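Read the figures in this text as sums done on the coordinates, not as results from a lab. None of these values were measured; they are calculated from a predicted model. Every residue, glycine among them, receives a Cβ derived from its backbone with ideal geometry; neighbour counts consider all protein chains shown.
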Amino acid sequence: MTISTRKERQKEELKAKILQTAKELFMEHGYEATSIRNIAERIEYSPTTIYLYFKDKDDIFYALHREGFVLLNQYFRPLSHVANPFERLKAISKAYITFAIENGELYDLMFILQSPMDALKKDKSDKKDDPDWEEGNRAFAFLVNTIEECIAMGSFKGMNAEILAFTTWSMVHGVCSLEIRNRCSVISELNQKDLAQRACEMINEILDRSHNYTPS
């Protein structure tokens, strides 16, 4: 291994260590209590070193946000083998909710916290073109493409695939957000067990009823 290759590997390892530590602190203490300084203290480097890898705290959380989408796409990947696009669409809703419930803090970072979006805006301003959000775009495109296949087979007649994808995502996201942020106490105790998955089943029932919808 050459000296330059070794140095590059060390840089990548340190960057990964910074991200892992930021994630640990976020999981333990939340967004506000996670700072460049306490990340640096935990990995025993100076804050200046962290600024060699990330512009600011938002940039760190944007990197974690991207990692979250990589993981979400791993939940979606097996569904690409579901031949029937309508069944795949319903499976996407279930996989999305499973991801959110199993990775609540990460979901919160990806879809509720403002910090990653602030970094995205800065990135777009700096580059003067589209920022890098490949994994996020891939996740949404998988949903849109699935709905386009449904439409091509005669479902959801007269509907716009992208708007229907956004609407479906919004419904499922609402379920996940309320569950993760503990806003379900208004639901009776009898109905709280497996609430998110049961709500997903109801969303899929709505999709079933819309399946052969024809606008007047």
For the range 48-124, convex hull of alpha carbons as volume per residue, Å³:
112 Å³
Could you name the aspartates and glutamates in cross-link range of K193, using Cα to Cα under 14 Å and dropping any fewer than eight places away on the same chain?
E179, E201
Cβ-Cβ cut-off under 14 Å around S210, Lys and Arg +1, Asp and Glu -1: the net charge is +1
Sorted by Cβ neighbour density within 10 Å, fewest at the top, the residues K17, K57, K7:
K7, K17, K57
Can you check what the net charge comes to around C184, using other residues whose Cβ is under 12 Å from the Cβ of C184 (Lys, Arg +1; Asp, Glu -1)?
+1
Residue-count net charge about A40 - beta-carbon cut-off 12 Å; Lys, Arg +1, Asp, Glu -1
+2
For the pair R77 and L195, the simple spin-label estimate (label points 7 Å beyond Cα toward Cβ) gives in nm 3.3 nm
Determine, from the Cβ-Cβ distance of Q10 and E44 and an R0 of 22 Å, the FRET efficiency 1/(1 + (r/R0)^6), rounded to the nearest 0.05.
0.90
Quick one: which of K57/K121; K15/K57; K7/K121; K57/K94 span more than 24 angstrom between C-alpha atoms?
K7/K121; K57/K94
Under 10 Å, Cα contacts only: if you run a Gaussian network model on the chain, which one of S185, S177, S93 comes out with the highest mean-square fluctuation?
S185
Please give the length that would be gained between S170 and A33 if that part of the chain were fully extended, namely 0.36 nm times their separation in residues minus their C-alpha to C-alpha distance (nm, one decimal).
46.4 nm
For the chain, take the convex hull of the Cα atoms, compute a quarter of its surface area, and give me that in nm², please.
16.3 nm²
Mind listing the phi-derived Karplus ³J(HN,Hα) values for the range 104-116, rounded to whole Hz, using 6.51, -1.76 and 1.60 with θ = phi - 60°, and x for any glycine or proline?
x, 5, 5, 4, 4, 5, 6, 10, 10, 5, 7, 3, x
Return the aspartates and glutamates within reach of K122: Cα separation strictly under 15 angstrom, same-chain partners fewer than 8 residues apart disregarded; answer none if there are no such residues.
D56, D58, D59, D130, D132
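I need H173, H29 ordered by Cβ neighbour count within 10 Å, fewest first. Before the final figure, lay out each step's value.
Numbers: H173 17, H29 12.
By the 10 Å Cβ count, ascending: H29, H173.
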Diffing the range 177-191: the Karplus 3J(HN,Hα) column from phi (6.51, -1.76, 1.60, θ = phi - 60°), in whole Hz with x for Gly and Pro, holds 5, 5, 5, 5, 8, 6, 10, 10, 5, 6, 7, 4, 4, 4, 9
Alpha carbons only, please: Rg and Dmax for the range 1-54, in angstrom.
12.5, 41
Expected max-MSF residue from L79, L64, L143 in the GNM of the chain (alpha carbon, under 10 Å) is L79
Backbone HN-Hα couplings from phi across the range 38-50 [Karplus 6.51/-1.76/1.60, Hz, Gly and Pro as x]:
6, 5, 4, 5, 5, 8, 6, 10, 7, x, 4, 4, 5
Restricting to Cα pairs under 8 Å and 6 or more apart, the percent relative contact order of the chain works out to 20 percent
